[in-house]
1. Hey, any hits in the stretch 297-314 for a residue that's in a helix (DSSP H, G or I) and β-branched (Val, Ile, Thr)?
2. For the stretch 102-116, how many residues meet the condition of being at pLDDT 90 or above and either of a type outside the set (A, V, I, L, M, F, W, C) or in contact with a strand residue (DSSP E or B) (Cβ under 6 Å, 6 or more places away or on another chain) (or both)?
3. Has the stretch 140-150 got at least one residue that is surrounded by fewer than 22 Cβ atoms within 10 Å (Cβ to Cβ) and of a type outside the set (D, E, K, R)?
4. Residue by residue through the stretch 181-210, note down the ones that are touching a residue at least 24 places away in the same chain (Cβ under 8 Å), surrounded by 19 or more Cβ atoms within 10 Å (Cβ to Cβ) and outside any helix (DSSP H, G or I).
5. With the requirement that a residue be in contact with a Ser or Thr (Cβ under 7 Å, 6 or more places away or on another chain) and open to solvent by less than 30 Å² (accessible area, probe 1.4 Å), what does the stretch 83-114 give you?
6. Consider the stretch 219-230. How many of its residues are outside any strand (DSSP E or B) and at pLDDT 90 or above?
7. Taking helices (runs of 4 or more DSSP H) that do not extend beyond the stretch 22-127, which have at least 3 residues that are over 20 Å from Met195 (Cα atoms) and among the acidic types (Asp, Glu)?
8. Only one residue in Ile271, Ile289 is open to solvent by less than 30 Å² (accessible area, probe 1.4 Å), among the aliphatic types (A, V, I, L, M) and either in a strand (DSSP E or B) or modelled with pLDDT under 95 (or both). Which one?
Amino acid sequence: MEVRARAPGKIILAGEHAVVHGSTAVSAAIDLYTYVSLRFPTPHDNDDALKLQLKDVDLEFSWPVGKLKEVLPELGIKSASSPSSCSLETTKAIASLVEELNLVDAKLGLASGISAFLWLYTSIHGEKPAKVVVTSELPLGSGLGSSAALCVALSAALLSLSDSLKLDFGHQGWQTFGDSELDLVNKWAFEGEKMIHGRPSGIDNTVSTFGNMIKFRSGELTHIKTNMPLKMLVTNTKVGRNTSALVAGVSERAARHGSAMASVFKAVDSISNEVVAIIQSPVSDDLAITEKEEKLGELMEMNQGLLQCMGVSHGTIEAVIKTTLKYKLATKLTGAGGGGCVLTLLPTRIGGRGMEISFSGFSS
């Protein structure tokens, strides 16, 4: 049997980094996806290994089931319906399996994703042999939630063929999970994100799981219904960065300057809540839309200034901001910062067709 799942990437309109410290953030899903297919071999296949194929980087890995049993002591003792964190002992065991892959320097960034895959797979399906294939439309390490989309799509595929979810496999085409099913997918995806980023806020996997636009604070989400169109340009600086290191850097700065950073996080919280209020407020005419866009632009600029205070901006981000300012357009980083993608609000006076996605020179 084979199942295929997909999960979208995301942008953060306001609140990144501060959300880790209890502030509100606003995020929206975008129509770029990560796809995961899962297939269990038939008895005639005579296949006794767990295989992972990463098609976008042309890599494939294989672990004999016997090896997994030997290295992972917790195999087969977990329940797919009860997500749990990876123990220190198992984390070290998984790290040893990944080290044996001898990834070259250029591929070392994939190691944490492979670790998350091994944890999620063995937690939900134990020692069962299978082939998992991953493809993605999202650039890695760019702030568009590629790791979260992987963990969500992977969790959805794994749970679909577990005893925890009951799906109609006679249905043709994509199926949408119910709220309780999505909640289970989200909890497992968050465990995967923790394997990758250490201390994620949970916003990326949450918006990837539930889609649309959400307000997120301390694990609690509120679905947002917009009363106005929002057109955004996303520019990829193509500068790679380490999300875990950037998150840790903000925490270290908060430890050194507790009072000042608390004020920064409080200001971000106010900005995020004002963004939500503007997006949800009624729109009477084109003039009202223009006024709202001007306010949103100002809030984006304020948020960017606070992100600079947190130390997560970058020269290339500032270069994009300087360029868009020439056209009186508001711009901020989206995601972890330190490079990655930059978000620019496109007012309706510019025209266009909804959300515009631009990857400056990006190639997979």
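1. No, the stretch 297-314 has no match at all.
2. 3
3. yes
4. Answer for the stretch 181-210, where residues must be touching a residue at least 24 places away in the same chain (Cβ under 8 Å), surrounded by 19 or more Cβ atoms within 10 Å (Cβ to Cβ) and outside any helix (DSSP H, G or I): Pro200, Ser201.
5. Of everything in the stretch 83-114, those that are in contact with a Ser or Thr (Cβ under 7 Å, 6 or more places away or on another chain) and open to solvent by less than 30 Å² (accessible area, probe 1.4 Å) turn out to be Ile94, Val98, Gly113.
6. 1
7. none
8. Going through Ile271, Ile289 in turn, just one is open to solvent by less than 30 Å² (accessible area, probe 1.4 Å), among the aliphatic types (A, V, I, L, M) and either in a strand (DSSP E or B) or modelled with pLDDT under 95 (or both): Ile289.
The values are calculated or read from the model by the stated rules, or taken from the named source; none is laboratory data. All of these numbers come straight from a predicted model, not from anything done at the bench. Reconstructed Cβ throughout: ideal geometry from the backbone, glycine too, with neighbour counts over all protein chains shown. All accessible areas refer to the heavy atoms of the entire protein, side chains included, with ligands and DNA or RNA removed. Shrake-Rupley method; radii C 1.70, N 1.55, O 1.52, S 1.80 Å.
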